[in-house]
Amino acid sequence: MDLSTQSGDVDAAARWLEESRRWFEDALQGFLGRAELGPPVLAEALEYALVGGGKRIRPALVRLLGGAPAEPADLAAAAVAVECIHTYSLVHDDLPCMDDDDLRRGRPTVHRAYSDATAVLVGDALQALAFEATGGVSRGAADMTVALARASGPAGMVGGQALDLAGEGQSLGLSEVEEIHRTKTAALLGASAELGAIAGGAGPERAVQARKFGLALGMCFQAMDDVLDVTGDAQTLGKTPGKDLGAEKGTLVAALGLEGAQAQAAQRASEAHTHANALGLGDLGAGLIELLLRRKS
């Protein structure tokens, strides 16, 4: 199936995403150098979780929506905050009592490298560090903190995780699967774009538009995750493929079949293009959407 929806310079977007990844790694190292990370065993496990690579899509969204108007330190803090929340969710998601996975970002998961208890504490600490980061920005600290809390709490990511676990072994319809996607994955991408917009001095209307863009992109991203869980391999994905199928999770592939899931990803990408155009994100925004739609990992 042809997943292309609109034109966009995918190669340029890939180069920009790599540049954003390097920008974020520098910002993260600066933050870790200043932060109080606690006892050595916790500090080591925190750094293991945070510096383990990954696409850094969420920090890139912060950077994309913040742009030149943002104070560099605020942009870096917002990027670190969303990645702390994302990483905490992965650490907890991989635990035996949740999705029980041994591989993340091509390495042993935190509970395998350390212990279950350490992984729980790492997740707890990462959540606290995220709000320490948003609370210290010079512009929009309260708005950032509320947006991030809303996206990561019971009405967002944590609630989505609860729905995901409850749906195991169930035959879920499209609306139920999409509610899991909206809360568990897309909410945080929406917040990433929103935090970037706030850092850039956006008013309420643009901040909401940014969140809608991130939500649509997140729905596309998770749709492709469902597809790749079926079509990908461990070496390319950096995590165990087939986990969703094995756990009888509610996925778009289970609800719609492989081609139906691919069509949903393309539809969500089209929605993201609409919001990107309204935000004036240009060829870079279009290219980023297409890049995520066509990804293999």
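Each value in this text was obtained by applying a stated rule to the coordinates, not by laboratory testing. Quantities reported herein were computed from a predicted structural model and do not represent experimental measurements. Cβ placement follows ideal geometry from the backbone for every residue including glycine, while neighbour counts extend to all protein chains displayed.
A few points about this structure:
- A simple rule links phi to the HN-Hα coupling: the Karplus curve 6.51 cos²θ - 1.76 cosθ + 1.60 with θ = phi - 60°, which for the range 191-206 gives 5, 4, 5, 5, 4, x, 4, 4, 4, x, x, 5, x, x, 5, 5 Hz, with x for Gly and Pro.
- In the chain, the calculated helix contribution to ellipticity at 222 nm averages -23000 deg cm²/dmol per residue, counting -39,500 (n - 2.57) for every DSSP H run with n ≥ 4.
- Point-to-point label distance, Leu42-Glu168, nm (Cα→Cβ direction, 7 Å offset): 2.8 nm
- Taken about its Cα centre, the chain carries a charge dipole of roughly 560 debye when the Cβ of each Lys and Arg holds +1 and the Cβ of each Asp and Glu holds -1.
- Between the range 280-297 and the range 123-155, the Cα center-to-center distance that results, in Å: 27 Å
- Between amide H atoms placed 1.01 Å from N, distances below 5 Å from Leu103 occur with Thr109, Thr240, all of them 5 or more places distant or on a separate chain.
- Count Lys and Arg as plus one, Asp and Glu as minus one, and take only other residues whose Cβ is under 11 Å from that of Ala202; the net charge is then 0.
- The residue list Ile180, Leu103, His86 was ranked by how far each Cα lies along the charge dipole of the chain toward its positive end, using unit charges on Cβ atoms, and His86 comes out on top.
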